[in-house]
Each structure stands twice: as structure tokens, then as C-alpha cells.
Amino acid sequence: MPNNLSNPSINNSHVNDIYESAVLKLNELAAMNYESEYARAMALKPHRDFINAMDTAKKEGIKKGISIGIEKGIETGIEQGKLLVQLKTAEVMLAEGIDIKTIAKVTGLTEEVILQQKVNYNEF
């Protein structure tokens, strides 16, 4: 097998020139790839920013919705609790024989609700 590097017909300077030329071409390709990737990334940046902004807004909206839902749930629970106290008070007053007008005045319930409570109480 002949050794081409020791062959006097091949000029080492020529090999170096070919090598340097290949390295320069590779560097140019690498630079082009970097530039094209950078350009692509910059072109996609507004889209990524928009997607991120929408994701953040969605998360904040969900958190706010949950917070509002919890507040409404607490308010509803308090209202239901107050109504139960009013109904229980009316029930006790009815059992004591207190007139409906007085019960309505004390509990804040309407006479219709108290009458319905009386019907329900008498069923037991």
C-alpha cells in the first residue's frame, strides 16, 4: 500500500489548501445554520410569546374563577344557615303556640313560609 504523504508528487501545501478550504466551507455552513436557526427562532418568538401570555391569562382566570366560586359558596352557605335558624326558631315558636304575625316579626320570615312550616310541623 503506497503512502501518499511521503510521495513527492503530492504537494503538502496543496493538501493544506484543500484542508483549509474544507474547514472554511464547514465554518460557513455552521454560520449559515446558526443564522437560519436564529432567524427561525426570532420569527417564532411572537407566536411563543402569545401562547405564553394566553396560558398565563388562562391560569389567572381559573384562579380568579375558583376564588369567586368559593366566595359565592360561602355566601350561599351563610344564607342557608340563616334560613335554617329562622325556620327552626319559627318551628319552636309555633310549638309554643305563638301567633304567626309575631313569629313573622321575630324571625323575618313571611307569613306564607311560616304557614308552610306549620303544615310541615303538623305532619310529624
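The values are calculated or read from the model by the stated rules, or taken from the named source; none is laboratory data. No experiment lies behind these values; they were computed from the predicted model shown. In this analysis, Cβ positions are derived from the backbone assuming ideal geometry, glycine residues included, and neighbour counts consider all displayed protein chains.
Here is how the numbers come out for the structure above:
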{"quantity": "Qualifying residue in region 48-66 (condition: farther than 30 Å from Val119 by Cβ, loosely packed, with under 10 Cβ neighbours inside 10 Å and modelled with pLDDT under 95)", "calculated": "no"}
{"quantity": "Selection count where residues are assigned to a helix (DSSP H, G or I) and either modelled with pLDDT under 70 or surrounded by fewer than 10 Cβ atoms within 10 Å (Cβ to Cβ) (or both), scope region 1-17", "calculated": "6"}
{"quantity": "Top-ranked residue of region 71-124 - restricted to ones that are within 46 Å of the chain's Cα centre (by Cα) and not in a helix (DSSP H, G or I), ranked as surrounded by the most Cβ atoms within 10 Å (Cβ to Cβ)", "calculated": "Leu109"}
